[in-house]
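The values are calculated or read from the model by the stated rules, or taken from the named source; none is laboratory data. In this text, all values refer to a predicted model and were calculated from it rather than measured experimentally. With ideal geometry, Cβ positions are generated from the backbone for all residues, glycine too; neighbour counts draw on all protein chains shown.
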């Protein structure tokens, strides 16, 4: 009995994580999940009820989102992600608190809101060809590059520029302190 109580609590927490806060609706959903888990547990008594309840919740949500979004035959991961995101984007649990996992009466405005909030992938990938081009850095970088090349060719010119820079710095410091 302890294991089933733990399964109940975990399922309740999972539904609360999906913003299903209405206690009556939560109780109905938990009962449906635990009934499905109990049927599977009868076939394999060694399996933990909490694990079975989590698996059954995922299966129920996948089936419900697949019906709601029209995703028949789509992989579990895609249904799970897109369905949950669409439901949260349209604020379904707040606006339609009894609609979540209800297979009998899905309000039309809720279904339309979920479908419009569903994320659609962009255009398909296409092969393109890009030819490498030289980077144009402008005239200033060209002039600086030519100046540095000239200084490297003539070591005496490099020494003269270095001394002029040093003396100019000293003169600037001297004039600034006066």
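Observations on the structure shown:
- Of the numbered criteria (1) surrounded by 15 or more Cβ atoms within 10 Å (Cβ to Cβ); (2) free of Cβ contacts under 8 Å to residues at least 40 places away in the same chain; (3) farther than 22 Å from residue 36 by Cβ, the one residue 137 fails is (1).
- Selection from the stretch 1-17 of residues that are within 30 Å of the chain's Cα centre (by Cα) and surrounded by fewer than 14 Cβ atoms within 10 Å (Cβ to Cβ): 9, 13, 16, 17
- Every residue from the stretch 18-35 that is buried (at least 18 other Cβ atoms within 10 Å of the Cβ) and more than 16 Å from residue 58 (Cβ to Cβ): 25
- Hey, residue 75 in the same structural domain as residue 21 (by TED's automatic domain parsing), loosely packed, with under 15 Cβ neighbours inside 10 Å and closer than 18 Å to residue 20 by Cβ or not: no
- Close pairs from the stretch 26-47: first touching a residue at least 24 places away in the same chain (Cβ under 8 Å), partner surrounded by 15 or more Cβ atoms within 10 Å (Cβ to Cβ) and not in a helix (DSSP H, G or I), Cβ under 6 Å, at least 6 apart: 29/101
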